[in-house]
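Trainee: Next up is a structure, given as C-alpha coordinates.
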Amino acid sequence: MVAARVVTGRALVAVAVVLALLGSAAEAQKLSPNFYSKTCPSLAAIVRSGMAAAVQREPRMGASILRLFFHDCFVNGCDGSILLDDTSTFTGEKSAGPNANSARGFEVIDAIKTQVEASCKATVSCADILALATRDGVNLLGGPTWSVPLGRKDSRTASQSGANSNLPGPGSSLATLISMFGRQGLSARDMTALSGAHTIGRTQCQFFRNRIYNERNINASFAALRQQTCPRSGGDSNLAPFDVQTADAFDNAYYQNLVAQRGLLHSDQELFNGGSQDSLVRQYSSNAGQFNADFVSAMVKMGNLLPSSGTPTEVRLNCRKVN
(Lines give C-alpha, C1' and ligand atoms only; values in the text may rest on other atoms or scores of the structure.)
Protein backbone atom coordinates (compact mmCIF):
# COMPACT_ATOMS: atom_id res chain seq x y z
CA MET A 1 0.00 0.00 0.00
CA VAL A 2 2.84 2.35 0.77
CA ALA A 3 4.41 1.68 -2.62
CA ALA A 4 1.09 2.27 -4.30
CA ARG A 5 0.77 5.58 -2.52
CA VAL A 6 4.24 6.60 -3.67
CA VAL A 7 3.40 5.72 -7.27
CA THR A 8 0.12 7.61 -7.04
CA GLY A 9 1.91 10.63 -5.65
CA ARG A 10 4.43 10.56 -8.45
CA ALA A 11 1.64 10.20 -10.99
CA LEU A 12 -0.15 13.20 -9.57
CA VAL A 13 3.06 15.21 -9.76
CA ALA A 14 3.53 14.11 -13.37
CA VAL A 15 -0.05 15.07 -14.24
CA ALA A 16 0.44 18.45 -12.58
CA VAL A 17 3.61 19.04 -14.61
CA VAL A 18 1.85 18.08 -17.85
CA LEU A 19 -1.08 20.37 -17.07
CA ALA A 20 1.31 23.21 -16.28
CA LEU A 21 3.08 22.69 -19.58
CA LEU A 22 -0.21 22.57 -21.44
CA GLY A 23 -1.28 25.77 -19.72
CA SER A 24 1.93 27.49 -20.73
CA ALA A 25 1.51 26.27 -24.30
CA ALA A 26 -2.05 27.55 -24.40
CA GLU A 27 -0.98 30.93 -23.08
CA ALA A 28 1.76 31.12 -25.71
CA GLN A 29 -0.47 29.80 -28.50
CA LYS A 30 0.25 31.55 -31.76
CA LEU A 31 -2.31 32.83 -34.20
CA SER A 32 -3.39 30.47 -36.98
CA PRO A 33 -4.97 31.04 -40.42
CA ASN A 34 -7.27 28.09 -39.62
CA PHE A 35 -8.53 29.45 -36.30
CA TYR A 36 -12.15 29.75 -37.51
CA SER A 37 -12.15 26.88 -40.02
CA LYS A 38 -14.75 24.97 -37.98
CA THR A 39 -16.48 27.71 -36.00
CA CYS A 40 -16.96 30.19 -38.86
CA PRO A 41 -16.07 28.62 -42.23
CA SER A 42 -17.75 31.42 -44.21
CA LEU A 43 -15.68 34.17 -42.57
CA ALA A 44 -13.21 34.80 -45.40
CA ALA A 45 -15.95 34.99 -48.02
CA ILE A 46 -18.03 37.41 -45.93
CA VAL A 47 -15.12 39.77 -45.33
CA ARG A 48 -14.01 39.62 -48.96
CA SER A 49 -17.51 40.43 -50.18
CA GLY A 50 -17.83 43.37 -47.80
CA MET A 51 -14.48 44.82 -48.82
CA ALA A 52 -15.17 44.31 -52.52
CA ALA A 53 -18.37 46.35 -52.19
CA ALA A 54 -16.60 49.07 -50.18
CA VAL A 55 -13.67 49.39 -52.59
CA GLN A 56 -16.00 49.43 -55.57
CA ARG A 57 -17.88 52.35 -54.01
CA GLU A 58 -14.67 54.16 -53.13
CA PRO A 59 -11.23 52.77 -54.07
CA ARG A 60 -9.62 54.93 -51.37
CA MET A 61 -11.30 52.74 -48.74
CA GLY A 62 -8.66 50.05 -49.21
CA ALA A 63 -6.04 52.49 -47.96
CA SER A 64 -8.26 53.74 -45.14
CA ILE A 65 -8.76 50.23 -43.75
CA LEU A 66 -5.04 49.49 -44.06
CA ARG A 67 -4.32 52.64 -42.05
CA LEU A 68 -6.83 51.60 -39.37
CA PHE A 69 -5.04 48.28 -38.97
CA PHE A 70 -1.63 49.94 -38.69
CA HIS A 71 -2.92 52.45 -36.14
CA ASP A 72 -4.59 49.64 -34.19
CA CYS A 73 -1.54 47.35 -34.05
CA PHE A 74 0.88 50.08 -32.95
CA VAL A 75 -1.15 50.77 -29.78
CA ASN A 76 -0.92 47.75 -27.44
CA GLY A 77 -1.13 45.26 -30.28
CA CYS A 78 -3.77 44.34 -32.85
CA ASP A 79 -6.74 44.27 -30.51
CA GLY A 80 -9.47 46.32 -32.20
CA SER A 81 -9.00 49.12 -29.67
CA ILE A 82 -9.08 51.82 -32.37
CA LEU A 83 -12.66 50.79 -33.21
CA LEU A 84 -14.06 51.75 -29.79
CA ASP A 85 -16.19 54.91 -29.63
CA ASP A 86 -15.73 57.45 -26.87
CA THR A 87 -18.39 57.45 -24.15
CA SER A 88 -19.20 59.75 -21.25
CA THR A 89 -16.80 57.74 -19.09
CA PHE A 90 -14.29 56.53 -21.68
CA THR A 91 -11.94 58.32 -24.08
CA GLY A 92 -10.56 56.06 -26.77
CA GLU A 93 -8.12 56.31 -29.65
CA LYS A 94 -10.40 57.80 -32.32
CA SER A 95 -9.93 61.29 -30.91
CA ALA A 96 -6.14 61.02 -30.57
CA GLY A 97 -4.08 63.39 -32.71
CA PRO A 98 -3.08 60.87 -35.41
CA ASN A 99 -6.69 59.67 -35.78
CA ALA A 100 -8.97 62.65 -35.20
CA ASN A 101 -10.67 63.78 -38.43
CA SER A 102 -8.51 61.39 -40.47
CA ALA A 103 -9.09 57.78 -39.40
CA ARG A 104 -11.98 56.43 -41.45
CA GLY A 105 -13.67 53.24 -42.61
CA PHE A 106 -15.29 52.34 -39.31
CA GLU A 107 -18.68 51.90 -40.96
CA VAL A 108 -17.17 49.34 -43.37
CA ILE A 109 -15.95 47.21 -40.46
CA ASP A 110 -19.36 47.63 -38.79
CA ALA A 111 -21.15 46.36 -41.88
CA ILE A 112 -18.87 43.34 -42.22
CA LYS A 113 -19.20 42.59 -38.50
CA THR A 114 -23.00 42.58 -38.84
CA GLN A 115 -22.78 40.00 -41.61
CA VAL A 116 -20.29 37.89 -39.66
CA GLU A 117 -22.48 37.95 -36.55
CA ALA A 118 -25.46 36.79 -38.60
CA SER A 119 -23.45 33.80 -39.76
CA CYS A 120 -21.32 33.02 -36.68
CA LYS A 121 -22.64 34.75 -33.58
CA ALA A 122 -20.19 35.83 -30.87
CA THR A 123 -17.31 33.98 -32.51
CA VAL A 124 -15.08 36.31 -34.55
CA SER A 125 -13.27 39.27 -33.03
CA CYS A 126 -13.38 42.73 -34.56
CA ALA A 127 -9.57 42.68 -34.51
CA ASP A 128 -9.55 39.63 -36.80
CA ILE A 129 -12.16 41.16 -39.11
CA LEU A 130 -9.96 44.27 -39.44
CA ALA A 131 -6.91 42.11 -40.22
CA LEU A 132 -8.76 40.20 -42.95
CA ALA A 133 -10.36 43.35 -44.37
CA THR A 134 -6.91 44.95 -44.61
CA ARG A 135 -5.52 42.02 -46.59
CA ASP A 136 -8.50 42.04 -48.95
CA GLY A 137 -8.37 45.80 -49.46
CA VAL A 138 -4.73 45.58 -50.54
CA ASN A 139 -5.42 42.65 -52.86
CA LEU A 140 -8.51 44.22 -54.43
CA LEU A 141 -6.38 47.22 -55.43
CA GLY A 142 -3.89 44.99 -57.24
CA GLY A 143 -1.59 44.12 -54.36
CA PRO A 144 -0.53 40.73 -53.03
CA THR A 145 -2.62 38.39 -50.92
CA TRP A 146 -1.48 36.31 -47.96
CA SER A 147 -2.70 33.91 -45.26
CA VAL A 148 -3.78 36.00 -42.27
CA PRO A 149 -3.03 34.41 -38.89
CA LEU A 150 -6.23 34.60 -36.80
CA GLY A 151 -7.32 34.19 -33.21
CA ARG A 152 -7.00 37.72 -31.87
CA LYS A 153 -9.28 38.98 -29.12
CA ASP A 154 -10.75 42.46 -28.76
CA SER A 155 -9.49 44.68 -26.00
CA ARG A 156 -12.02 46.05 -23.52
CA THR A 157 -10.01 49.23 -23.27
CA ALA A 158 -8.05 51.67 -25.43
CA SER A 159 -5.25 54.17 -25.00
CA GLN A 160 -5.49 57.69 -26.36
CA SER A 161 -2.06 58.46 -24.88
CA GLY A 162 -0.64 55.39 -26.62
CA ALA A 163 -2.05 56.53 -29.94
CA ASN A 164 -0.56 59.98 -29.42
CA SER A 165 2.90 58.65 -28.56
CA ASN A 166 3.32 55.41 -30.58
CA LEU A 167 2.35 56.51 -34.09
CA PRO A 168 4.98 58.28 -36.21
CA GLY A 169 3.94 61.64 -37.63
CA PRO A 170 4.27 63.02 -41.18
CA GLY A 171 7.29 65.12 -40.18
CA SER A 172 9.25 62.19 -38.71
CA SER A 173 12.94 61.78 -39.48
CA LEU A 174 14.41 58.49 -40.66
CA ALA A 175 15.95 57.93 -37.23
CA THR A 176 12.57 58.47 -35.58
CA LEU A 177 10.85 56.09 -37.99
CA ILE A 178 13.43 53.36 -37.39
CA SER A 179 13.18 53.88 -33.63
CA MET A 180 9.37 53.88 -33.44
CA PHE A 181 9.02 50.77 -35.59
CA GLY A 182 11.85 49.17 -33.64
CA ARG A 183 9.88 49.59 -30.43
CA GLN A 184 7.27 47.32 -31.99
CA GLY A 185 9.85 44.70 -32.89
CA LEU A 186 9.87 45.75 -36.55
CA SER A 187 13.17 46.19 -38.38
CA ALA A 188 14.24 49.08 -40.58
CA ARG A 189 13.53 46.84 -43.58
CA ASP A 190 10.04 46.13 -42.22
CA MET A 191 9.49 49.86 -41.79
CA THR A 192 10.55 50.66 -45.34
CA ALA A 193 8.35 47.89 -46.76
CA LEU A 194 5.34 48.91 -44.66
CA SER A 195 5.79 52.53 -45.74
CA GLY A 196 4.95 51.25 -49.22
CA ALA A 197 1.33 51.27 -48.03
CA HIS A 198 1.51 54.89 -49.20
CA THR A 199 1.31 53.62 -52.76
CA ILE A 200 -2.44 53.95 -52.17
CA GLY A 201 -4.50 56.52 -50.30
CA ARG A 202 -4.54 60.25 -49.80
CA THR A 203 -3.51 62.73 -47.15
CA GLN A 204 -4.47 66.26 -46.13
CA CYS A 205 -2.72 69.44 -47.24
CA GLN A 206 -1.87 70.37 -43.65
CA PHE A 207 0.45 67.35 -43.44
CA PHE A 208 2.53 68.10 -46.55
CA ARG A 209 2.31 71.92 -46.87
CA ASN A 210 5.71 72.55 -45.34
CA ARG A 211 7.34 70.02 -47.65
CA ILE A 212 5.99 71.43 -50.90
CA TYR A 213 6.81 75.04 -50.00
CA ASN A 214 9.95 74.86 -47.89
CA GLU A 215 11.94 71.69 -48.51
CA ARG A 216 14.78 71.45 -51.03
CA ASN A 217 14.82 67.71 -51.76
CA ILE A 218 11.64 67.81 -53.82
CA ASN A 219 11.02 67.72 -57.56
CA ALA A 220 10.04 71.25 -58.62
CA SER A 221 7.23 70.27 -60.97
CA PHE A 222 5.81 67.89 -58.37
CA ALA A 223 5.86 70.65 -55.74
CA ALA A 224 4.11 73.01 -58.16
CA LEU A 225 1.44 70.40 -58.90
CA ARG A 226 0.65 69.88 -55.23
CA GLN A 227 0.66 73.64 -54.58
CA GLN A 228 -2.30 73.97 -56.96
CA THR A 229 -4.63 72.43 -54.37
CA CYS A 230 -2.67 73.13 -51.20
CA PRO A 231 -2.25 76.88 -50.67
CA ARG A 232 0.21 78.43 -48.23
CA SER A 233 -2.70 79.10 -45.88
CA GLY A 234 -6.17 77.57 -45.74
CA GLY A 235 -7.38 74.40 -47.36
CA ASP A 236 -5.92 72.27 -44.59
CA SER A 237 -8.19 69.30 -45.35
CA ASN A 238 -7.69 69.35 -49.13
CA LEU A 239 -6.59 65.90 -50.23
CA ALA A 240 -3.78 64.74 -52.51
CA PRO A 241 -2.73 61.20 -53.42
CA PHE A 242 0.46 59.84 -51.91
CA ASP A 243 1.33 58.25 -55.25
CA VAL A 244 1.23 60.75 -58.11
CA GLN A 245 1.48 57.94 -60.69
CA THR A 246 -1.18 55.35 -59.73
CA ALA A 247 -3.13 56.71 -56.78
CA ASP A 248 -5.46 53.73 -56.31
CA ALA A 249 -3.26 50.86 -57.48
CA PHE A 250 -1.15 48.90 -55.01
CA ASP A 251 2.22 48.74 -56.79
CA ASN A 252 5.83 49.84 -56.32
CA ALA A 253 5.39 53.31 -57.83
CA TYR A 254 5.70 54.82 -54.34
CA TYR A 255 9.40 53.92 -54.35
CA GLN A 256 9.88 55.18 -57.89
CA ASN A 257 8.44 58.48 -56.68
CA LEU A 258 10.90 58.61 -53.79
CA VAL A 259 13.86 58.08 -56.14
CA ALA A 260 12.51 60.98 -58.24
CA GLN A 261 12.10 63.16 -55.11
CA ARG A 262 8.32 63.04 -55.38
CA GLY A 263 7.58 61.77 -51.90
CA LEU A 264 4.55 63.65 -50.58
CA LEU A 265 5.29 63.65 -46.86
CA HIS A 266 8.57 64.62 -45.25
CA SER A 267 8.58 61.16 -43.62
CA ASP A 268 8.17 59.53 -47.04
CA GLN A 269 11.15 61.25 -48.62
CA GLU A 270 13.26 60.50 -45.54
CA LEU A 271 13.44 56.90 -46.79
CA PHE A 272 15.44 58.14 -49.80
CA ASN A 273 17.54 61.07 -48.71
CA GLY A 274 21.13 59.87 -48.48
CA GLY A 275 20.42 57.53 -45.58
CA SER A 276 20.49 53.85 -44.68
CA GLN A 277 17.36 52.90 -46.64
CA ASP A 278 18.35 54.38 -50.02
CA SER A 279 19.57 51.09 -51.50
CA LEU A 280 16.44 49.23 -50.38
CA VAL A 281 14.20 51.93 -51.85
CA ARG A 282 16.05 51.61 -55.15
CA GLN A 283 15.60 47.84 -55.00
CA TYR A 284 11.86 48.12 -54.40
CA SER A 285 11.53 50.76 -57.12
CA SER A 286 12.75 48.31 -59.75
CA ASN A 287 11.57 45.01 -58.26
CA ALA A 288 7.85 44.91 -57.47
CA GLY A 289 8.06 41.22 -56.55
CA GLN A 290 10.62 41.91 -53.83
CA PHE A 291 8.52 44.75 -52.45
CA ASN A 292 5.38 42.59 -52.37
CA ALA A 293 7.23 39.75 -50.62
CA ASP A 294 8.73 42.04 -47.99
CA PHE A 295 5.44 43.89 -47.50
CA VAL A 296 3.58 40.64 -46.85
CA SER A 297 6.26 39.46 -44.43
CA ALA A 298 6.15 42.74 -42.52
CA MET A 299 2.34 42.81 -42.47
CA VAL A 300 2.19 39.34 -40.91
CA LYS A 301 4.86 40.35 -38.41
CA MET A 302 2.96 43.51 -37.48
CA GLY A 303 -0.30 41.58 -37.33
CA ASN A 304 1.24 39.24 -34.76
CA LEU A 305 1.58 42.09 -32.26
CA LEU A 306 -0.78 41.19 -29.42
CA PRO A 307 -2.00 43.04 -26.30
CA SER A 308 0.27 43.06 -23.29
CA SER A 309 -0.28 40.39 -20.65
CA GLY A 310 -3.18 41.20 -18.35
CA THR A 311 -5.12 43.26 -20.90
CA PRO A 312 -8.84 42.42 -20.52
CA THR A 313 -10.14 41.00 -23.80
CA GLU A 314 -13.30 39.54 -25.31
CA VAL A 315 -15.02 38.95 -28.64
CA ARG A 316 -17.04 42.15 -29.05
CA LEU A 317 -20.56 41.85 -30.46
CA ASN A 318 -20.40 45.48 -31.57
CA CYS A 319 -16.99 46.76 -32.65
CA ARG A 320 -17.74 50.23 -31.31
CA LYS A 321 -18.37 49.23 -27.68
CA VAL A 322 -17.49 46.59 -25.11
CA ASN A 323 -20.03 43.87 -24.39
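Trainee: Where nothing but the Cβ of Lys and Arg (+1) and of Asp and Glu (-1) is charged, how large is the charge dipole of the range 85-149 around its Cα centre, in debye to the nearest 20? Let's see the in-between values first.
Mentor: On the way: 5 positive and 8 negative charges, 29 e Å.
Roughly 140 debye for the range 85-149.
Trainee: Cysteines without a disulfide-compatible partner in the chain, using Cβ under 4.7 Å as the rule?
Mentor: none
Trainee: Considering the dipole of the chain built from charges on the beta carbon (Lys and Arg +1, Asp and Glu -1) around the Cα centre, which of GLY275, SER159, ASN304 is farthest to its positive end?
Mentor: ASN304
Trainee: If the only charges are +1 at each Lys and Arg Cβ and -1 at each Asp and Glu Cβ, what is the size of the charge dipole of the range 203-323 around the Cα centre, to the nearest 20 debye? Write down the numbers at each step before the final one.
Mentor: Details: 11 positive and 10 negative charges, 68 e Å.
Dipole size: approximately 320 debye.
Trainee: Find the lysine pairs in the chain meeting two conditions, Cα atoms under 21 Å apart and a separation of 8 or more places or different chains, and report how many there are.
Mentor: Close lysine pairs under the 21 Å cut-off: 16.
Trainee: For the chain, return all DSSP H helices satisfying: extent of Cα atoms along own axis at least 24 Å; mean Kyte-Doolittle hydropathy at least 1.0. Please list the in-between numbers first.
Mentor: Details: long enough: 2-27 (37 Å, 1.70).
Span-like helices in the chain: 2-27.
Trainee: How many nm is it between the label spots at THR39 and ASP236, if each spot is 7 Å from the Cα in line with the beta carbon?
Mentor: Spacing of the two 7 Å Cα→Cβ label points: 4.4 nm.
Trainee: What shape does the range 81-206 take by its C-alpha gyration tensor, where a ≥ b ≥ c are the square roots of the eigenvalues and a/c under 1.5 counts as rounded, a/b above b/c as prolate, and the rest as oblate? Intermediate results must be reported in sequence, preceding the final value.
Mentor: On the way: a/c = 1.69, a/b = 1.24, b/c = 1.36.
Here the range 81-206 falls in the oblate category.
Trainee: How big is the dipole moment of the chain about its Cα centre under a simple scheme where the beta carbon of each Lys and Arg is +1, that of each Asp and Glu is -1, and everything else is neutral? Debye, nearest 20, please.
Mentor: On the way: 30 positive and 24 negative charges, 79 e Å.
Roughly 380 debye, rounded to the nearest 20.
Trainee: Give the carbon-plus-sulfur fraction of the accessible surface of the chain in %, rounded to a whole number; probe 1.4 Å, heavy atoms of protein chains only. All intermediate terms of the calculation are to be shown ahead of the outcome.
Mentor: Working: 7830 of 14600 Å².
Reported share for carbon and sulfur atoms: 54 percent.
Trainee: What number comes out for accessible area per residue over the chain if the probe is 1.4 Å? Units Å², please. Could the numbers behind the result be given before it?
Mentor: Working: 14600 Å² over 323 residues.
Counting only protein heavy atoms, the per-residue value for the chain is 45 Å².
The values are calculated or read from the model by the stated rules, or taken from the named source; none is laboratory data. In this text, all values refer to a predicted model and were calculated from it rather than measured experimentally. Quick reminder, even Gly has a Cβ in these numbers, built from the backbone with ideal geometry, and neighbours come from all protein chains shown. Areas reflect the complete protein model, heavy atoms only, side chains present, ligands, DNA and RNA absent. Shrake-Rupley method; radii C 1.70, N 1.55, O 1.52, S 1.80 Å.
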